[in-house]
Amino acid sequence: MKHAQQAVVSVYRAYLREIRRLPHTYLRQFFRLAAEDGCRAALRTKCEALKRKKLKRISKTLQQVRAANNGSHEAFNRVLDLAYGRAGRLRWELIEPLLSDPNAPLPLPIIPQKESSRPPVYSPELTALLTSGLSRKKKPLGPGDLTFPPILPERADPNSPDAKILGPFSKRREVNARWKYFRQEWKKVLPPLQISVSPGRDTGVEGNDRNTSSAIRKIGFDGTTVLEELVKLTTNSRNKSPEGSDGLLPNRWLRRRYQALLGKLPILTFTLPREDAKAKKPGGFGVSLSDNALKARVQGKRLPNATDDDVAWSQTDRHPASS
């Protein structure tokens with residue numbers, strides 16, 4: 001027992017040493033909390049086998065942080081994914097509020113008088129994320145996929161020729177298929193850090209609080225500057241280290257990692273309803289990427305002017321002279 005406790009303390013101290021080497025403040029704060037929570041949980045565990053398992057998990061993350069500090073692309077990307085909810089427990093905490101819609105009426109049960117047969121509800125936020133290619137690990141879904149999942153056979157539609165020839169599809173199988181599709185598809189979503197609000201034309205946010213309070217939910221990092229600080233880390237000049245950086249990793253290398261991360265951070269924005277001279281336009285959710293995201297640049301969504309850093313890099317002798 002005493003030996004196990006000493007092992008946890010030893011790992012915790014090594015973890016803290018590596019955390020202090022991380023290049024900016026938010027990463028240090030995130031992994032300090034993760035180290036404290038993980039090590040406390042291991043110390044409270046009475047089962048020795050389970051304690052060793054938890055310690056092994058903590059040690060694995062410690063090794064990833066150490067490798068990231070030593071300049072490993074793969075390890076640093078993993079560190080960023082954990083810290084910004086692209087993987088791990090934080091990812092679930094960001095997406096979980098969007099998996100239900102407290103403002104939507106309950107759908108009717110597929111099997112009459114059986115409450116458990118109600119189909120899943122796609123919230124407006126989740127619908128926007130599922131139908132956008134910027135927030136998906138796979139290709140986006142079409143609107144019809146949410147009302148009639150493609151894993152259902154045509155026979156599930158009572159008006160289809162198959163249903164008329166072969167008879168109605170099993171309601172129990174339909175319930176299972178709809179929930180299976182819901183679970184497998186939301187797991188492919190990259191959750192946003194927060195929900196932004198875009199005012200409509202000639203419309204202020206303050207004047208519409210009553211109309212939008214029920215539509216906009218607080219999630220994740222709402223009310224913080226985490227996303228803004230991340231964007232700043234991709235825009236520093238050539239001679240300036242990213243804010244909070246200890247300078248051990250090259251500035252351009254760090255900016256490249258953060259730009260790649262922004263490509264996996266969809267920005268979910270609610271546009272307020274607006275009226276113009278021609279028509280009244282309803283509000284709704286949309287998905288975009290930061291202009292500084294590497295993915296946005298590759299897809300041609302933004303063609304930035306060359307920075308001093310880019311010019312200096314292009315003038316270095318990186319390629320052999322052609323013969």
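The values are calculated or read from the model by the stated rules, or taken from the named source; none is laboratory data. Please read all numbers here as calculations on a predicted model, not as lab measurements. Note: ideal-geometry Cβ built from the backbone for every residue, glycine included; neighbour counts use all protein chains shown. Ligands, DNA and RNA are stripped out before the accessible areas are found, and what is left, the full protein with its side chains, is counted by its heavy atoms. Shrake-Rupley method; radii C 1.70, N 1.55, O 1.52, S 1.80 Å.
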Original post:
How much of the accessible area of region 1-70, in percent, comes from carbon and sulfur atoms when a 1.4 Å probe is used?
Top reply: 54 percent
Subject >> Mean projected area in nm² (Cα convex hull; one quarter of hull surface) for region 1-56 >> reply: 3.5 nm²
Subject >> Whole-Hz couplings from phi, Karplus 6.51/-1.76/1.60, listed for region 26-38; x for Gly and Pro >> reply: 4, 4, 5, 5, 4, 6, 5, 5, 4, 5, 5, 5, x
**OP:** Give the Debye-formula value of log10 I(q)/I(0) at each listed q (0.23, 0.24 Å⁻¹), with one equal scatterer per alpha carbon of region 43-122, two decimals each.
**Re:** -1.06, -1.10
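Express the Stokes-Einstein translational diffusion coefficient of region 1-148 in µm² s⁻¹, to the nearest whole number, given a Kirkwood radius over alpha-carbon pairs, 37 °C and a viscosity of 0.692 mPa s. Don't skip to the end; give the middle numbers.
On the way: Rh = 18.6 Å.
Diffusion coefficient, whole number: 177 µm²/s.
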**OP:** Provide the solvent-accessible area of Ser116, counting protein heavy atoms only and rolling a 1.4 Å probe, rounded to the nearest 10 Å².
**Re:** 90 Å²
Subject >> Cleavage-rule hits (trypsin sites (Lys or Arg not before Pro)) in region 1-110: DSSP loop, at most 12 neighbouring Cβ within 10 angstrom >> reply: Arg20, Lys46
Original post:
Just the accessible area for Leu230, please: 1.4 Å probe, Å², rounded to the nearest 10?
Top reply: 0 Å²
Subject >> Cα-based equivalent ellipsoid, region 102-187: semi-axes from gyration tensor eigenvalues, Å >> reply: 24, 17, 10
